[in-house]
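Asks: For reference, the structure I am asking about is given below.
The values are calculated or read from the model by the stated rules, or taken from the named source; none is laboratory data. Just so it is clear, the structure is predicted and the values come from calculations on it, not from any experiment. Glycine also receives a Cβ, built like all others from the backbone with ideal geometry; neighbour counts cover every protein chain displayed. The area values use the complete protein model at the heavy-atom level, side chains included, leaving out ligands, DNA and RNA. Shrake-Rupley method; radii C 1.70, N 1.55, O 1.52, S 1.80 Å.
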Amino acid sequence: MNVASPTATPVLSGRGIVKKFPGVLALDRVDFDLNAGEVHGLIGENGAGKTTLMHILAGALQPTEGEILLDGQLVHFANARQALKQRICIVYQELNLIPYLSVAENVFLGREVVGTTGLIDAKSQNLRCKELLALLDPSIDPRAQVNTLRVGQQQIVEIAKALNAQARVIFMDEPTSAISDSEVEVLFKLIESLRREGIAIVYVSHKLDELLRITDRITVLRDGKYVDTLVTGDTQQETIVRLMVGRDLSDMYVQNVSEIGEEVLRLDSLSQRSDIGEHLLVEDVSLSVAAGEVLGIFGLMGAGRTELLESIFGLHPKSTSGSVSIHGKRCDLRSPAAAMGHGIGLVPEDRKKQGLVMGMSVENNISLSNIGLIESYALLSRRLEKQHAESYIKQLSIKTPSMRQKASVLSGGNQQKVVLSRVLSTIPRVLLLDEPTRGIDINAKREIYALVDQLKQQGLAIVVVSSELPELLGISDRIMVMCEGRKTAEFSREQANEENLMQAAVPGFQAETTNYA
Amino acid sequence: MHKSSKDLVKCISRFQSLLVLVLMVIAISLLSDRFLTAANGWNIMRQISVNVCLSIGMTMIIIAGGIDLSVGSILALAGAVTAGLIKSPVPIPWLGIELDFTLAGAMIAGIAVGMLLGWFNGQMITRVRIPPFVATLGMLSIARGLTMLWTKGFPITGLGSSFAIIGTANFLGAPVPVWISGLLVLLFIVVTKKTRFGRYIYAVGGNEQASRLSGLDVDRIKLWVYTIAGGLSAVAGLIATSRLDSAQPNAGIGYELDSIAAVVIGGTSLSGGQGSIWGTVLGCLIIGVLNSGLVLLDVSPFWQQVVKGIVILMAVAIDRLRNRGEDQ
């Protein structure tokens, strides 16, 4: 470890960085120092402000207040291009490569080698790209089209692009979220050698084990505020967790014992084919949820959890087989409208793309799914719509300047409550929640957990899909695990723990874990 | 200070079209004393009534996230069909009869043809999933070709005095085309702002996926929007045909551009989900006043086109600036 001495001037610093988005204070006077030749971890929960801070330091966003210092000199980046000129690069989580260009063309994008004829000198580009890649991963052909590479290789191309720009600061945003274990090893070796070259790396992640392994220092953010910067060698995992969460987790989840009633939702060998090819996204899943019960569904990315909820909600009638019954009656779910007619409600995974019409007002969003409630004599009634929206804004304590405000200006948590209001106004008996707390702040999470509990008390049958284990363990009465489209295990609340859930979620463990069910 | 200037910009931009219209009227009436007269006012209103009819449908389509390039051709075909049916009976050889349409029958047939073609646009877009731009580009050509076939390339003229009422007569002091377009404007303001169908149009254009997940039948909503727009183009065709007492095979060429221009000047966003019929009416008025004013000021018709283009660009530029203000 060559931790840079604290007296040296940091390469890049942020001083009192404030970033306001409409309705949210994303960063609140955050300080950050990055030294040459260090790997600096940036950690925090979803919504803590990691990505926003990274974007500001790399010029992709402009701070509302505060200053950025480069080698101790005040700088202003109007855009990411200006930061790039100062050799500050971001390697994005969703890779920013042009899929139909070659590796070399991507690496040299914006800094093409132009010959005396004024045309691009592809030959020397390929040659120089090959030299760069020799340091990183010699198996990548500079002439290969980028979309033919694996994700891990694409990431290396991104890094090559940064090196070609002679980066001295590289931000890596959740770099291991989409790559395999062996590719992670390659990446870590690469980071190690970049550090030895004196390049400063900011490693943004919420994966503690990785941070403890490869960083020199770790800065913790919480709810948009700077918490602390720790020297990794002296730090325990527990300390970081405590700083990230900043509170005792035990009071996060309210769970009153509710009377579990009779079966409401029943699936019998539900399967869903993918639209392209015969491959099954959901395979032979049967389950049953009773009134007043919360069934949690856990699984890794691509386990088919979202697809399962979508099938139940009638989104893929042509490719779905098997049966869905409500209160013992088999339903023909050919469309979302039909599913809603049978008392099924879905809060989708991505509220911006799937949950809300962002340009519409809060009240219009709330009444969209059951517009009959606000009609009088075939015309929409302002009065009824206002009453309808007011009752949900009060019931779910939605914070909005006005109900005529566009949904886009609300914070994530309040947007999610608007989606919930819309779904609840269809008076569902079965509520399907897909990642209900993704990207929302901690208080809104707590409120949503309380709401789930309250709805359970009212006798709704609730299905929650989530990738966050503590959340599932906190709110579910039963947890089902999916892997590669199949149900691999089911645990009661008492049996379930992080370990056995994770085991059942990883491909290859199915045989042993089905015994738990 | 910063805040209040931002509010001012917002306030101005909300009434931007109205402001532009008022400024234009003032400016032109200072330069020409023939402009601000009752006769010229009715004249402008009569001239824009065809574009208003087209643009009501266009507004709904654009709010729903689409576009329609075929309105001019549908206008021509509907006008030609009605004119043809007024002039001569249709022989149906295999039944050995001739269908002789009444005036009302011929007009209804014209409107039905418009709706049918609009419905066909909708089918192509929702079933075959052809992008609206391409689907209606195809229809632009198909409907024009059908018009040529039906008219054999010659105008159909001499349609009688009863049919001429639609385009040329006055009723209670106002021209009949102004009555027709005015009533349609009122009707569709109510439809877009006060009915569930109208609300659904905004939702579908704002976020199609969220609308589907909210239980809306997105395809059916779009199908209706295109069908209604086809019908409105046909009404515009009847007015245009009646005014000239003649169905021209090349009527309505380029009208889709005037219609899109009116919608855009009226503040409707081409990306869908936002806009209003009322704004479009102002857009039509701005184009109408501009045309009339430039003629009265003896500006060359070539310059008229340049000025019209500049007005469109300015309208959209103001819209962009306003939206940038909202993003921050």
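Asks: Where Rh is the Kirkwood radius over the Cα pairs of the range B:132-233, the temperature 4 °C and the viscosity 1.567 mPa s, what D in µm²/s does Stokes-Einstein return?
Replies: It comes out at roughly 76 µm²/s.
Asks: I would also like to ask the following. If you take the accessible area of B alone plus A alone and subtract the pair, what total do you get in square angstrom, rounded to 100, with a 1.4 Å probe?
Replies: 2000 Å²
Asks: Follow-up. Sort A:Asp284, A:Asp234 from largest to smallest accessible area, using a 1.4 Å probe on the heavy atoms of the protein chains.
Replies: A:Asp234, A:Asp284
Asks: Let me ask another. Report, in whole Å, the centroid distance computed from the Cα atoms of the range B:119-196 and the range A:326-379.
Replies: With the range B:119-196 and the range A:326-379 each reduced to a Cα centre, they are spaced 34 Å.
Asks: Loop sites only, by DSSP: take the chymotrypsin sites (Phe, Trp or Tyr not before Pro) in chain A that have at most 14 other C-beta atoms within 10 Å and name the longest stretch containing none of them.
Replies: In chain A, the maximal stretch lacking such sites is A:101-376.
Asks: Another question, if that's okay. Run down the lysines and flag those whose C-alpha is under 27 Å from the C-alpha of A:Lys329, throwing out any fewer than 8 positions away in its chain.
Replies: Reachable lysines: A:Lys318, A:Lys456, A:Lys487.
Asks: For a quick check, take a GNM of chain B with Cα springs below 10 Å and name the residue from B:Ala247, B:Ala261, B:Ala112 with the largest mean-square fluctuation.
Replies: It is B:Ala112.
Asks: Which percent of the accessible heavy-atom area of the range B:18-173 goes to carbon and sulfur, probe 1.4 angstrom?
Replies: 73 percent
Asks: With chain B treated as a Gaussian network of Cα nodes joined by springs under 10 Å, which of B:Phe302, B:Phe188, B:Phe120 yields the largest mean-square fluctuation?
Replies: Sorting by GNM fluctuation, first place goes to B:Phe302.
Asks: Loop-only trypsin sites (Lys or Arg not before Pro) in the range B:105-159, please: DSSP not H, G, I, E or B, and at most 10 other Cβ atoms within 10 Å.
Replies: Hits after loop and neighbour filter: B:Arg127, B:Arg129, B:Lys152.
Asks: Ok, one more. Tally the DSSP beta bridges in the protein assembly as shown and give the antiparallel ones as a percent, rounded to 5.
Replies: Percentage antiparallel, nearest 5: 60.
Asks: Given the DSSP H assignment, sum -39500 (n - 2.57) over each helix run of at least 4 residues in chain A and divide by its residue total; what's the result at 222 nm in deg cm²/dmol, nearest 500?
Replies: It lands at -9000 deg cm²/dmol.
Asks: Run the helix sum for chain B: -39,500 (n - 2.57) per DSSP H stretch of 4+ residues, divided by residue count, reported at 222 nm to the nearest 500 deg cm²/dmol.
Replies: Result for chain B, helices only: -25000 deg cm²/dmol.
Asks: Name the trypsin sites (Lys or Arg not before Pro) in the range B:201-259 that are in a loop by DSSP and that have at most 15 other C-beta atoms within 10 Å, would you?
Replies: Filter output for the range B:201-259: empty list.
Asks: Given springs between every Cα pair under 10 Å in a Gaussian network model of chain B, which of B:Gly114, B:Gly145, B:Gly266 has the largest fluctuation?
Replies: Comparing B:Gly114, B:Gly145, B:Gly266 in the GNM, the peak value goes to B:Gly145.
Asks: How large is the Rg to Rh ratio of the protein assembly as shown when both quantities use alpha carbon positions and Rh follows Kirkwood?
Replies: Rounded to two decimals, Rg/Rh equals 1.03.
Asks: Could you please tell me the mean projected area of the C-alpha convex hull for the range B:63-252, averaged over all directions and given in square nanometres to one decimal?
Replies: 12.2 nm²
Asks: Follow-up. Calculate the length of the line joining the C-alpha centroid of the range A:440-493 to that of the range B:251-315, in whole Å.
Replies: Using only Cα atoms, the two centres lie 55 Å from each other.
Asks: Over its Cα atoms, what ratio of radius of gyration to 2.2 N^0.38 Å does the range A:38-131 give?
Replies: Against the compact-globule rule of thumb, the ratio is 1.37.
Asks: Further question: Would you please name the GluC sites (Glu not before Pro) within the range A:134-235 that are DSSP coil residues with at most 16 other C-beta atoms within 10 Å of their C-beta?
Replies: A:Glu197
Asks: Work out the length of the dipole vector of chain B about its Cα centre, built from +1 on the beta-carbon of each Lys and Arg and -1 on the beta-carbon of each Asp and Glu, and round it to the nearest 20 debye.
Replies: Here chain B has a charge dipole of around 720 debye.
Asks: State log₁₀ I(q)/I(0) for the range A:251-516 at q = 0.07, 0.09, 0.13, 0.14 Å⁻¹ as given by the Debye formula over alpha-carbon point scatterers of equal weight, solvent excluded.
Replies: -0.24, -0.40, -0.84, -0.97
Asks: For A:Lys123, which lysines qualify as cross-link partners when the Cα separation must be under 18 Å and same-chain residues fewer than eight apart are set aside?
Replies: Cross-link targets: A:Lys161.
Asks: For B:Glu208, A:Glu363, give me the order by solvent-accessible area with a 1.4 Å probe, most accessible first, ignoring ligands, DNA and RNA.
Replies: So, going from the largest accessible area down, we get B:Glu208, A:Glu363.
Asks: Of all the C-alpha pairs in the range A:372-517, what % are more than 22 Å from each other?
Replies: So the portion of pairs separated by more than 22 Å is 51 percent.
Asks: In a shell of Cβ-Cβ distance under 13 Å around A:Ala167, excluding A:Ala167 itself, what net charge do Lys and Arg (+1) and Asp and Glu (-1) give?
Replies: Computed value for this residue: +4.
Asks: Taking A:Lys20 as the anchor, which aspartates and glutamates have their alpha carbon closer than 20 Å to its alpha carbon, excluding any fewer than eight residues away along the same chain?
Replies: The reachable aspartates and glutamates, counting only those whose Cα sits under 20 Å from A:Lys20, are A:Asp28, A:Asp31, A:Glu45, A:Glu65, A:Glu67, A:Asp223, A:Asp441, B:Asp7, B:Glu326, B:Asp327.
Asks: Take the range A:86-220, compute every pairwise Cα distance, and split them into 10 Å bins from 0; I just need the percent in each bin.
Replies: Percent of Cα pairs in each bin: 12, 44, 33, 10, 2, 0.
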